[in-house]
1. Neighbouring Cβ atoms within 10 Å as the yardstick, rank 145, 189 fewest first.
2. Report the dimensions of segment 1-60 along its three principal axes from the alpha-carbon atoms, largest first, rounded to Å.
3. Determine Rg/Rh for segment 44-112; Rg is computed over alpha-carbon atoms and Rh is the Kirkwood hydrodynamic estimate from the same atoms.
4. If a paramagnetic tag sat 7 Å from the Cα of residue 131 along the Cα-Cβ line, which residues of segment 167-181 would have the backbone N under 17 Å from that point?
5. Taking springs between alpha-carbon atoms closer than 10 angstrom, which of 56, 87, 173 fluctuates most in the Gaussian network model of the chain?
6. Need one number for segment 118-177: average projected area of the convex hull over its C-alpha atoms, nm².
7. Counting alpha carbon pairs within less than 8 Å and at least 6 residues apart, what relative contact order, in whole percent, applies to the chain?
8. Want the number for residue 32 to residue 52: 0.36 nm per residue separation, take away the alpha-carbon distance, what's left?
Amino acid sequence: MRTNFVCGNWKMNTTRASAIALAEACVVASRQTPSVRVGIAPPAIWLSDVAATIAGSSVALFAQNGHPAASGAFTGESSYAMLKEAGAIGLLVGHSERRQLFGETDAVVATKVAAARALGLEVILCVGETLEERDGGTTLQVVNRQVDAGLAEIATLDGITIAYEPVWAIGTGRNATAAQAQEVHAAIRSRLAIRFGAQAAAVVIQYGGSVKPETAASLLAESDVDGALVGGASLDSAAFGSIIAAGAL
Ligand code: 13P
């Protein structure tokens, strides 16, 4: 009923040439595994080049960030309309690096989600607890708060994907176990059902945090894990291809 969705978040990596080469490999991987939806989120500056590279394929192009205002005096920012014109069909919102390093609050995240949906852009809303929060036993509380707040200004779940990314698992080589991921994914789906009813059953919930070819299959085998948001391993086309293939198992 839900299609597995594997998306690569390239973060601030790649050159123009390596981004194009990686995008070409993603097109091949996506053709080889047509039952899995494949997405990539390159740095904004390469969006147009990558859009041209993946044209005609089913690879979905996402931006990593954008500014929700239509235009104006926001030095260094890209509007959602600009991202769209460069070829993005959606963007990540609320990534823990944006929250922690760039001070994005739940309120900012809510504004960004609503502005993106108003323009017809898909949103991958990222949520996740810190190690301190997990150890303190507040994981579900934190994640529920982020989900509620992030979606506060929208009326339906159309165009929304949720990515559960425990902060302690990002870039650390330490991923959540499949059981830990399943527990939180199921809790997120129940939480979504409170406000959005039956739509919650159709929402894709990705897991993110040190997903590797060796761990992807067990994570994706969980009933509420519908894909992966992949950082480091998405920069290696063979590894990313294996993770995509794991989504078809
Ligand atoms: P890693 O896969 O490098 O841990 O990054 C996960 C992530 O933050 C994806 O958005």
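Laboratory data are not the source of any read-out in this text; all were calculated from the coordinates shown. The model shown is predicted, which means the values in this text are computed figures rather than measured ones. Neighbour counts run over all protein chains shown; Cβ positions are idealised from the backbone, glycine included.
1. Details: 145 14, 189 18.
The fewest-first ordering by Cβ neighbours comes to 145, 189.
2. Taking the Cα atoms of segment 1-60, the three principal extents are 36, 20, 14 Å.
3. Details: Rg = 12.8 Å, Rh = 12.9 Å.
Ratio value, two decimals: 1.00.
4. Only 167-177 pass the distance filter.
5. Highest fluctuation among the options: 56.
6. Details: hull surface 19.5 nm².
Projected over every direction and averaged, the Cα hull of segment 118-177 covers 4.9 nm².
7. On the way: 490 pairs, mean separation 54.2, N = 249.
The value is 22 percent.
8. Working: separation 20, 0.36 × 20 = 7.20 nm, distance 2.01 nm.
Computed gain between residue 32 and residue 52 is 5.2 nm.
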